[in-house]
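The values are calculated or read from the model by the stated rules, or taken from the named source; none is laboratory data. This is a predicted model, so every value here is computed, not measured. Note: ideal-geometry Cβ built from the backbone for every residue, glycine included; neighbour counts use all protein chains shown.
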Amino acid sequence: MAMAVLRREGRRVLLSSPSPAAAMAARSPAVSQPEIAPLGARSISTQVVRNRMKSVKNIQKITKAMKMVAASKLRAVQIRTENSRGLWQPFTALLGDAPNVDVKKNVIVAITSDKGLCGGINSTSVKVSKALHKLTSGPEKESKYVILGEKGKVQLIRDSKQSIEMTVSELQKNPINYTQIAVLADDILKNVKFDALRVVFNKFESVISFKPTMTTILSPEVMEKESESGGKVGDLDSYEIEGGETKSEILQNLTEFQFSCVLYNGALENACSELGARMSAMDSSSRNAGDMLDRLTLTYNRTRQASITTELIEIISGASALEG
Amino acid sequence: MSATTAAVPFWRAAGMTYIGYSNICAALVRNCLKEPFKSEAASREKVHFSVAKWADGKQEKPMLWKLGDLTWFFMLQLSAQMMNKDLVPW
């Protein structure tokens with residue numbers, strides 16, 4: 001604003017005094033610092049506001065499209081997620097869940113997404129994993145991370161680099177299927193040593209509600225110890241076992257299969273939560289863009305009208321000065 | 001049932017997990033399907049992800065898993081593991 005006043009002053013100086021030195025002095029700020037308005041324009045330029053409005057409109061289009069995409073993907077994934085819950089429920093009924101088991105080597109499997117723009121689900125997952133890490137690590141105890149998804153990796157690299165054992169990404173190139181997760185679970189079982197695996201993910205409740213969830217999977221040895229000490233796992237003895245397998249063999253098979261099922265369900269639940277969170281995040285950002293656009297339009301119109309009014313006043317008063 | 005129980009010690013000794021074993025079985029069953037169910041089932045066994053191991057806070061080179069036909073992959077894996085442990089029956 002000060003610049004505009006200065007320039008107008010400068011022009012007046014230029015008109016009144018033909019001295020070149022004075023004109024140079026007066027014009028120099030306008031030359032050295034390019035103004036928003038082109039030289040000689042009478043009012044403040046609305047170009048900047050117009051550009052900003054255009055970009056906000058484009059952003060709004062993008063967020064709206066992202067919301068639509070997330071909504072249409074969500075429907076398919078939600079059905080698969082709800083169906084996959086039937087996979088782990090029998091295991092919990094049979095073996096129970098032992099979240100408070102105290103073992104030496106804990107491995108936290110944190111499930112996050114590869115892509116961002118989906119609200120706080122990744123940071124929730126990471127926060128829960130970090131709390132769990134603190135809880136399970138101690139003297140003579142070890143706690144490691146296996147991270148699924150790019151976003152969780154980025155967040156955990158910052159302060160827990162040393163505890164990362166393995167990272168997995170690009171899991172969602174194709175729609176998640178059991179075979180894929182089974183190959184991954186196989187890989188984790190073969191390469192990571194553990195007494196207890198703790199799978200952390202966001203359980204999908206509804207489009208706006210996701211519950212951070214942890215499922216514990218014990219290694220066969222720990223499981224056997226637990227079953228001897230009784231509790232839920234001890235109920236396994238009441239089942240009749242076909243074939244000549246021993247209990248430890250059965251437990252090993254069961255825990256391995258349980259892990260792949262839990263991981264499958266966890267990956268699906270998290271994918272579903274991601275889409276739901278993205279939907280609501282994109283919805284609110286489209287709304288924000290709309291509000292911003294309204295405000296900008298108001299400012300733009302007000303400035304435009306003000307400059308027109310000024311021009312009219314100038315013309316009319318000029319004309320009346322001539323008449324009078 | 002008896003066939004599977006009899007097989008357990010062998011794949012276990014070959015260093016396979018239950019998941020790997022059941023995956024081979026599943027892939028074989030899928031292969032027995034007729035068209036159009038076969039290609040439909042094939043879309044459910046696409047595997048794509050990349051795994052990177054970490055040591056001392058540093059990421060090692062990531063390995064990309066990209067599989068279409070699973071049966072052959074697992075067969076190969078199994079035979080390689082068996083050969084390593086001198087378990088080849090032939």
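Tabulated results
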read-out: Meets criteria (of a type in the set (Phe, Trp, Tyr), in a helix (DSSP H, G or I) and within 14 Å of another protein chain (Cβ to nearest Cβ)) for A:Phe257; value: yes
read-out: Failed condition for A:Gly119, given (1) away from every other protein chain (no Cβ under 14 Å); (2) without any contact (Cβ under 8 Å) to a residue 24 or more places away in the chain; (3) of a type outside the set (S, T, N, Q); (4) crowded, with 19+ Cβ neighbours inside 10 Å; value: (2)
read-out: Selected residue (criterion: farthest from B:Lys46 (Cα to Cα)) from residues of the range A:138-153 that are away from chain B (no Cβ under 11 Å), of a type in the set (Gly, Ala, Ser) and surrounded by 15 or more Cβ atoms within 10 Å (Cβ to Cβ); value: A:Ser143
read-out: Residue in the range A:159-175 that is surrounded by fewer than 19 Cβ atoms within 10 Å (Cβ to Cβ), closer than 14 Å to A:Val199 by Cα and under 21 Å from the mean Cα position of the chain (by Cα) present; value: no
read-out: Residues located in the range A:154-176, provided they are without any contact (Cβ under 8 Å) to a residue 12 or more places away in the chain and either at the interface with chain B (Cβ under 7 Å from one of its Cβ atoms) or touching a His at 6+ places or on another chain (Cβ under 6 Å) (or both); value: A:Lys161, A:Gln162, A:Lys173, A:Asn174
read-out: Verdict on A:Ser123 being assigned to a helix (DSSP H, G or I) and polar (S, T, N, Q); value: yes
read-out: Set A:Val222, A:Val207, A:Val199: member being in contact with a Ser or Thr (Cβ under 6 Å, 6 or more places away or on another chain), within 30 Å of A:Thr124 (Cα to Cα) and more than 10 Å from chain B (Cβ to nearest Cβ); value: A:Val199
read-out: Selection within the range A:288-311 - under 15 Å from A:Val48 (Cβ atoms), more than 27 Å from the chain's Cα centre (by Cα) and among the aliphatic types (A, V, I, L, M); value: A:Leu296
read-out: Count of the range B:26-51 residues which are part of a strand (DSSP E or B) and either more than 18 Å from A:Arg80 (Cβ to Cβ) or more than 9 Å from chain A (Cβ to nearest Cβ) (or both); value: 2
read-out: Whichever residue in the range A:191-208 is more than 28 Å from the chain's Cα centre (by Cα) and among the charged types (D, E, K, R) and, among such residues, is surrounded by the fewest Cβ atoms within 10 Å (Cβ to Cβ); value: A:Lys193
read-out: Residue check, A:Ile188 crowded, with 19+ Cβ neighbours inside 10 Å and more than 9 Å from chain B (Cβ to nearest Cβ); value: no
read-out: Test: residue in the range A:142-152 that is under 18 Å from A:Pro212 (Cα atoms), at pLDDT below 90 and not acidic (Asp, Glu); value: no
read-out: Hey, A:Thr215 away from every other protein chain (no Cβ under 14 Å) and in contact with a helix residue (DSSP H, G or I) (Cβ under 9 Å, 6 or more places away or on another chain) or not; value: yes
read-out: Pair list, Cβ < 9 Å and 6+ apart or interchain, from the range B:43-59 residues that are outside the structural domain of B:Asn31 (by TED's automatic domain parsing) and exposed (fewer than 11 other Cβ atoms within 10 Å of the Cβ) to residues that are of a type outside the set (Phe, Trp, Tyr) and assigned to a strand (DSSP E or B); value: B:Ala55/A:Glu165
read-out: Single residue of B:Trp65, B:Trp54 found to be within 11 Å of another protein chain (Cβ to nearest Cβ), touching a helix residue (DSSP H, G or I) at 6+ places or on another chain (Cβ under 9 Å), modelled with pLDDT under 85 and not in a helix (DSSP H, G or I); value: B:Trp65
read-out: Selection from the range A:45-60 of residues that are under 22 Å from the mean Cα position of the chain (by Cα) and either closer than 12 Å to A:Arg295 by Cα or free of Cβ contacts under 8 Å to residues at least 60 places away in the same chain (or both); value: A:Val56, A:Asn58
